[in-house]
Every structure is written in structure tokens, then in C-alpha cells.
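Here the structure is laid out as C-alpha cells; the discussion comes afterwards.
The values are calculated or read from the model by the stated rules, or taken from the named source; none is laboratory data. None of these values were measured; they are calculated from a predicted model. Note that each Cβ is placed from the backbone with ideal geometry, even for glycine, and that neighbours are counted across all protein chains shown. These accessible areas exclude ligands, DNA and RNA; they are computed on the full protein's heavy atoms, side chains included. Shrake-Rupley method; radii C 1.70, N 1.55, O 1.52, S 1.80 Å.
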Amino acid sequence: QVQLVESGGGSVQAGGSLKLSCASSGSIFSINDMAWYRQVPGKQRELVAFITVGGRVIYADSVKGRFTISRNNAENTVYLQMNSLKPEDTAVYYCNTRSISWDWGQGTQVTVSS
């Protein structure tokens, strides 16, 4: 079973930046569209961005122009560069395939203060 390990979260002030990483233990990483999701307590997990095998990227309207998703297939890793952070970006961030094929990791907490 593929394991996902997210890292890079933290506490920043509004306007700051963070870069999240998600490492996968599986060698099938490179044949999957990968995505970042986030969840706030009491709300459903929402899609933030995804990147296809071919490198096409799609973003939620709420993060467009501020977040950048990228991947390194050689290292089985997907990244999320987050700039111009807002308090409403506060959430636990998770990665998974676009179709949510694997078990969720522990996520990484992002807290943005105003």
C-alpha cells in the first residue's frame, strides 16, 4: 500500500509563504495525477490543486494566482508553493491522487494569522 507523508506546514502571518511537500512510498507515483486537498474542522475536504501526469495544472479559484503545484517523479514527490497566504487558507493540507486512490496521510497544518 502506498504511504503519503506531508510536510512543510507551519504558522505564518498573512502575506507570507510556505512550501508543502508530499512524499510517496510507491513507485506508481509517476503514472498518477496528483492533488493537494485541505480540510478545516467541521467542513468537507476540498480540492486545492492538481497536476496531471503530463504536467497540466488546475487550481481552485480561491488559490489561483497564489499557489503553485509541481511534481518530481524521480523523487515521488509533489509540492505546493503557497504565496500571499490569507487567514482563510488555514487548514490541514493533504495530498493524494486526483481520484483519491490511496489512504490519506497525516496531513500538515497550515495556520495563517491576520
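Mark the label point 7 Å from the Cα of residue 13 along Cα→Cβ and return the residues of the stretch 70-113 whose backbone N is within less than 17 Å of it. Label zone hits: 83-88, 111-113. Checking every one of the GluC sites (Glu not before Pro) in the stretch 11-114 against DSSP loop status and a limit of 12 other Cβ atoms within 10 Å picks out no site at all.
Here is the list for the stretch 60-114: chymotrypsin sites (Phe, Trp or Tyr not before Pro) lying in DSSP coil, each with at most 16 other C-beta atoms within 10 angstrom of its C-beta, are 104. Between residue 83 and residue 98, the contour length at 0.36 nm per residue exceeds the alpha carbon distance by 3.1 nm.
Between the DSSP loop rule and a limit of at most 12 other Cβ atoms within 10 Å, which trypsin sites (Lys or Arg not before Pro) in the stretch 1-76 are left? Loop-located and lightly packed - 43, 56, 64. Dividing the mean sequence gap of close Cα pairs (under 8 Å, 6+ apart) by how many residues the chain holds gives a relative contact order of 38 percent.
When the chain is treated as a GNM with alpha-carbon contacts under 10 Å, the residue of 103, 61, 33 showing the greatest mean-square fluctuation is 61.
For the chain, the per residue solvent-accessible surface stands at 51 Å², with DNA, RNA and ligands left out and a 1.4 Å probe. Solvent-accessible area assigned to carbon and sulfur over the stretch 1-111 amounts to 47 percent, based on a 1.4 Å probe. Between residue 28 and residue 61, with labels modelled 7 Å along Cα→Cβ, what's the label distance in nm to one decimal, could you check? Calculated label separation equals 3.5 nm.
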